Amino acid sequence: PDATRGRNVGNVMSGLLLGIMLARPISSIVAEFMGWRAVFVLSGITIFVLALVLAKALPARQPLTTVQYPKLLRSMLHLLRTTPILRRRAIYHACVFGTFSLFWTTVPLLLTSPTFHFSQKGVALFALVGVTGAAAAPVAGRLADRGMIRPATGLALALVIVSVFLPLMIQTGSTFALVSLVVAAILLDMGVSANLVLGQRAIFSLGAEFRSRLNGLYMAIFFAGGAIGSATGGWAYASGGWKAALLIGIALPTIAMIYYATEKKQLNYPENL
């Protein structure tokens, strides 16, 4: 139902985000005790078992549309061109998810470097702290249901910017620097979780007949942003160190915030939001 859509999206997406966030500490622990290849073996087994379970457990669903699949795929480009809310929300989240991927790709390199001397177990414990940021997803969903998508989006983008600014200002191997990294990880995951749910709540309100295609475009675009952020972060860390990676990480959400400042209230979200 429209009245609780944001809350429901927030609950579902918190599962996605918990999976992404827990994958990092779990993989670090597995790599510590069983080697890095075991991570992929166990992942493959888990997905195979999950596929069997879902084949049995998922209810049958008959879509109402009779449009052929190739035509549905071609229509997605038209939806992208003609849906400004989708483009805007996808760009917002591609930027913040790019920073998210950049941070979590490079921070283990920093933690295991001579600056902090962390083991894989230490990296796993650090990553577990960031999982608490997923709690922002259902909160953001409830704010969206109350018609607060726009201000909540500004807050989410600001959290991501602050999360990268903190370690940029404190670059030592001290305990205080480590605490700032922990705070940065929590704020980053909170901002990314909230912005993801706010974006989905907005595009899910555009029309049930093409909701899945809009969501597919949204997810594909922001995951592409995440892949670019991860690759760019690795390159930046290798070329210029942690500071170079952070500078790129802070530039991405800043671009999103500048774009957010161009948002016009009367043009962006349906009236029921």
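Tabulated data
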| item | result |
| --- | --- |
| Top-ranked residue of region 191-212 - restricted to ones that are at pLDDT below 85 and not polar (S, T, N, Q), ranked as nearest to VAL139 (Cα to Cα) | PHE204 |
| Enumeration of residues in region 112-122 that are surrounded by 17 or more Cβ atoms within 10 Å (Cβ to Cβ) and either free of Cβ contacts under 8 Å to residues at least 40 places away in the same chain or within 20 Å of the chain's Cα centre (by Cα) (or both) | PHE118 |
| Single unsatisfied condition, ARG61 versus (1) without any contact (Cβ under 8 Å) to a residue 40 or more places away in the chain; (2) more than 20 Å from the chain's Cα centre (by Cα); (3) assigned to a helix (DSSP H, G or I) | (3) |
| Selection from region 227-255 of residues that are farther than 19 Å from PRO167 by Cβ and small (Gly, Ala, Ser) | ALA227, ALA231 |
| Those residues of region 143-166 which are of a type in the set (A, V, I, L, M, F, W, C) and in a loop (DSSP other than H, G, I, E, B), in sequence order | MET148 |
| Qualifying residue in region 64-84 (condition: open to solvent by less than 80 Å² (accessible area, probe 1.4 Å), under 20 Å from ILE228 (Cβ atoms) and either modelled with pLDDT under 95 or of a type in the set (S, T, N, Q) (or both)) | yes |
| All positions within region 167-182 that are free of Cβ contacts under 8 Å to residues at least 40 places away in the same chain and either assigned to a helix (DSSP H, G or I) or charged (D, E, K, R) (or both) | MET169, THR175, PHE176, ALA177, VAL179, SER180 |
| Residues of region 183-232 satisfying the condition of being among the hydrophobic types (A, V, I, L, M, F, W, C), open to solvent by 30 Å² or more (accessible area, probe 1.4 Å), touching a residue at least 60 places away in the same chain (Cβ under 8 Å) and in a helix (DSSP H, G or I) | PHE204, PHE210, ILE221, PHE223, ALA224, ALA227, ILE228 |
| Residues (under 15 Å from VAL182 (Cβ atoms) and either part of a loop (DSSP other than H, G, I, E, B) or at pLDDT below 85 (or both)) located in region 116-141 | PHE116, PHE118, VAL129, GLY130, VAL131, THR132, GLY133 |
| Test: residue in region 72-95 that is assigned to a helix (DSSP H, G or I), touching a helix residue (DSSP H, G or I) at 6+ places or on another chain (Cβ under 6 Å), of a type in the set (D, E, K, R) and over 28 Å from LEU214 (Cα atoms) | no |
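The values are calculated or read from the model by the stated rules, or taken from the named source; none is laboratory data. None of the values given here were measured: they were computed from a predicted structure. Positions of Cβ are generated from backbone atoms using ideal geometry, with glycine treated the same way; all protein chains shown enter the neighbour counts. Heads up: the accessible areas ignore ligands, DNA and RNA and are worked out on the full protein's heavy atoms, side chains in. Shrake-Rupley method; radii C 1.70, N 1.55, O 1.52, S 1.80 Å.
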